[in-house]
1. Which value in deg cm²/dmol, rounded to the nearest 500, describes the helix-derived mean residue ellipticity at 222 nm for the protein assembly as shown, given -39,500 (n - 2.57) per DSSP H run of n ≥ 4 and division by the residue count?
2. Would you mind checking region B:98-129 for residues with the amide N under 14 Å from a putative spin-label position 7 Å along Cα→C-beta of residue A:215?
3. Over region A:332-573, what is the mean sequence separation of C-alpha contacts under 8 Å (at least six apart), divided by residue count, expressed as relative contact order in percent?
4. At a Förster distance of 51 Å, what's the computed FRET efficiency of residue B:209 paired with residue B:382, Cβ-Cβ distance as r, to 0.05?
5. Enumerate the amide H contacts of residue B:552 below 5 Å, restricted to partners 5 or more residues apart or on another chain; note that Pro and chain-start residues carry no placed amide H.
6. Could you give the alpha-carbon Rg of region B:52-142 over 2.2 N^0.38 Å, rounded to two decimals?
7. Given Cβ point charges of +1 (Lys, Arg) and -1 (Asp, Glu) and nothing else, what value in debye, to the nearest 20, does the dipole of region A:332-573 about its Cα centre take?
8. First measure r as the distance between the Cβ atoms of residue B:133 and residue B:201, then evaluate 1/(1 + (r/R0)^6) with R0 = 35 Å and state the FRET efficiency to the nearest 0.05.
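The values are calculated or read from the model by the stated rules, or taken from the named source; none is laboratory data. Values in this document were obtained by computation on a predicted structure and should not be read as measured data. Note that each Cβ is placed from the backbone with ideal geometry, even for glycine, and that neighbours are counted across all protein chains shown. Just the protein is used for accessible areas: all its heavy atoms, side chains included, with ligands, DNA and RNA removed. Shrake-Rupley method; radii C 1.70, N 1.55, O 1.52, S 1.80 Å.
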Amino acid sequence: MIALFKHLKPYTRFILIILVSMLAGILLELYLPTLMASIVDIGIVDNDMGHILQTGGWMVVCSLLAGALTVIVTYFTSRVSVGFGRDLRRKLFIHVEGLSLQEFDRFGTASLITRTTNDIKQIQDVVNMMFGMMIRAPIMLIGGIILAVSRDAMLSLIFLASLPVLACLIFLIMRTAIPLFRSLQNKTDRLNLLLRESLTGLRVIRAFNRTDYEKKRFDQANEDYRDIGIKVNRMIAVLFPVMMIVMNFTNVAIVWFGGIRVNEGVMQVGNMIAFLQYAMMILMSLIMLSVAFIMIPRAQASATRINEVIQLHSQIKEPAQPESGKAVQGLLEFKDVTFRYAGAERAAVESVSFVARPGETTAIIGSTGSGKTTLLQLIPRFYDVERGSIEVDGVNIRDMSQKELRAKLGYVPQKAALFRGTIADNIRFGNGDIPQEQLEAALATAQAAQFVSAKEGGINAEVSQAGGNLSGGQKQRLSIARALARKPEIYLFDDSFSALDYKTDAKLRAALRQETGQATVIIVAQRVSTVIDADQIIVLDEGKVAGIGKHDELLKGNRIYQEIVASQQTEGASA
Amino acid sequence: MSNRRGMSPKVPMGASKPKDFKKTLRRLLGYLRPQRKKLITVAVMALMGTLFNVVSPKLLGEATSSIFDSFLKGTSVDFALLGKLLIWLIALYALSAAFTFLQQYLMAGVSQRTIAAMRKEVNEKLARLPLRFFDKHPYGDLLSRAVNDIDNINNSLQQALMQIITSIITIIGIIVMMLFISPLLTLVVCVTIPLSVIVIRFVAAKSQKYFISQQATLGQVNGHIEEIYGGHQIVKAYGYEDKALDTFDEMNERLYQTNWKAQFMSGLMMPMMMFIGNIGYVLVSIAGGILVLNGNIRIGDVQAFIQYSQQFNQPMMQAASIANMIQAALASAERVFAVLDEPEEPQEQRTLVDPKELHGSVSFQHVSFGYDSENPIIRDLNLEVKEGQTIAIVGPTGAGKTTMINLLMRFYEINGGRLKLGGADFNDMSREQVRSRFAMVIQDTWLFNGTIRDNIAYGKEGATEEEVVEAARRAYADDFIRTLPNGYDTVLTEEASNISQGQRQLLTIARAIISDPLILILDEATSSVDTRTEMNIQKAMKEIMEGRTSFVIAHRLSTIKDADLILVMNQGEIIEQGTHLELLRQKGFYADLHNSQFSQGQDEAVI
């Protein structure tokens, strides 16, 4: 967590103001009981009305000033803690955006989202509370002790008894409570998981008549949660009365021993009353500290999660001196490429070499886990190869700027991703200067023109977050249109037609054939029918190239391809 | 400090208001009924604990007075009296602490039990709601009701309920004590009350406004983060990073603006109340000093007053946050009750029909159905399916093929006509009886968080190890399961990323096989599945269809051609039915569909 505090640096001045104002404010507050003691010991004892009024006036001034200072502290604390949250959130966002897919996979999207949203919020709350309590409490504690000692050093010995007792009790209770808190969190997660499952699996559960079984599972988790919840709350139920007892017994001791001191004539009654106030402040600040300490483990967990992300740097580095493409536009070459996912034993792609030329369609076929998608994702440098090289337009992609490389590509993923904004925004996507006609042509080719124009507002119709208001097929078509609109040199289609119905699929592929004209097209496919017309088919098996050639050639001489075809041909044969 | 927590921004400060305050409150209190004996005990404990707490400053004041008196008189302190007073005080403090502890200890059980009961009720309710309900309500919303809203109620039950009792007793008790000691000084303290009320109202109203807009902005920022992270590949591939950051910065800055204002406003409560407290303290000191001078009251009473005025602020601040908490809790309760009030599936009696005796024929007689009664999408459907026949359901995506599943599984009730299974009317059996004879393998490969063994055994209660392995073997899943490091004990994670989509499908087939159904509902769609797994799935599907009446959402031509009957669906309706050849001859929608597939590829396998 300390590592994150360096992000407080821009706020050094604000923090100084907070510290100074807080110190001054606390001193003023601590001064009040002293003034009150003077009212009693001088004003009342000596029957001096003037002194009472005058001291009272000073007290008013002091509390006014203390109040004003606290407002200043609150103001700057809000600015600093919220500003800190804002900066950290921004930093994390930029950082995550810069990560390659390799690092992204490591955490998972959902986890990265929680880290950027909830975890940051947790840290922000702690920083806010830190200024509110964790700095305030120690100052109050020390100031209170100093003033108490200065009132009567002997009487202060009482704190030697009560402070350690209180600290010990708080420590003991916390030590039992914190593991319980953790266990409660686990039970909460379990409960949420079961609930989510019973909703997502609704049909299956009912189809198999397992409602009762699910009910039992839920009840079990619910009871576990309840029992731990009761334990946690009972622990907390101990905490408060224990603290009260220590505080109150301290008061009793002060009055008793104070009485003795007054009797001996070494202490005045006003001072004793003031002493009571100081005792209250000292013990309260200790309690405040302990409350603050409950929050630390929670924030610590969040801080660790944030740091994990920040400490992770993208493996993919920009070249020092980027080169531009020199050879034919759209030429793509894999030279003995090997790649493995972090920590994987087996390479996902192994010794793959091929050339894809402009105007040609290269299809990649093979079973899941054969490395098709991985291979495709190496081209935009989502991952860096382990061995060998990939060249685009005659330049190793590691020597090209990522921006230039990606500008040459039109990538359509398996799962279409759309964003909040209009349809036009989504098609233009990061490339504002695409003219209207090009936009419409892309929509037409992608077989999206019809449903887009049927929407209210046409291409200016709003797309909701992550394309929630569109069907799977519609999203996929827009995602294809997005690639078409930028007229890339190389198209990368990753099994991109799966959500379309047959008619649309057929029309789309016919239109694509014309549109992609001189571009290089790479298609990852599951089915022979998709790849049958390709200029070259690359058959992948367990990450290795099992054969390259046209359909007919492969059909004659490639065992794996024959197997794939056979599995689908049994269907065709019966047709 | 408890006040500070009460005002924390985590409590949605009246962000949503309950529609019918009284009714919801009464109903919520109804949940506490079973615990009412405990609650009364808790209330009595709270009363006692607070009372003792309220009396003690007066006693402490007496002690101080006795010291002061002897000091003024110059006599020695009356330690006998002092000792007696202090022993009384120790007893009071101990009692007060004991009562406070007991009260909170009991309350922990009360609120947790109440909430657990409510959670159980919601869960059971969800199991009784018809599917129609879930089709209309996104599960994210239901989840939030069952989790967040119930949590909300829990928090306020635990805190608000107690604080109401203690706050009220404290306020009344303190006022009584103060009046008892000195009505004049009480008046002085009371001067600060309207001040506190004004401050609390002002701060609460202001900060609430900022909190609402903060919540809205926070939602936007989180939404943006979710979307951009979710589309990471595309953002990178299309160089969208800068634009995404621009949008983020704009939102983040707006969040900062509303957030710090909300924080500041709610943070003002503490210093302002402290200031008012200090003013009260000063006033008491001055006025008390003068009164002591005039001999109207004793010095210990002033000390007691100081303590009272300090204790007074806390319940005042609590009252402000309690109001918000209760409002939020009631709004949540209303959302939970709305689910509980949804009409349920009618409960039926199990009848004499023994589903095990039935044979696998299905007949639709003049069946009509629509998701809403005005728009029937199935009208007068007549269909006789004999045992062992295969019915293929075809049509483009979104044609409503799941409607057929919904009717057969009795997820939805038909609006007219009769549906019969093995000659017995659906309505003469319970839903459980009907479903016990069906099994379905659908595209949505739902598996739960548990071992592979448990997931397969899900299809049959009390399935033995041999049956599980046998089912896996017949579903062609045994091989891949054995290659997993933990075999059948492999725990499937929530997203089940440890096995592939195709393997998941094989497991769902094994689950169907073990249930040994009379009638099978299959969805052949296997998108994003590799060829070899696909082959296994096909073989497994053939295996399970063997000798069983099957309804197949067909994607393969062979299935369609071999089917005894094809139902062609489009836009939710059954538009044609017949065998492959009959339908081709009709030259209708089916023929069109079929030809469009074969115009380009000679051996197009998939339709």
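1. -21000 deg cm²/dmol
2. B:120-129
3. It rounds to 28 percent for region A:332-573.
4. 0.20
5. Those qualifying (amide H under 5 Å, at least 5 residues apart or on another chain) are B:391, B:392, B:393, B:522.
6. This ratio for region B:52-142 stands at 2.33.
7. So the magnitude is around 340 debye.
8. Calculated transfer efficiency: 0.25.
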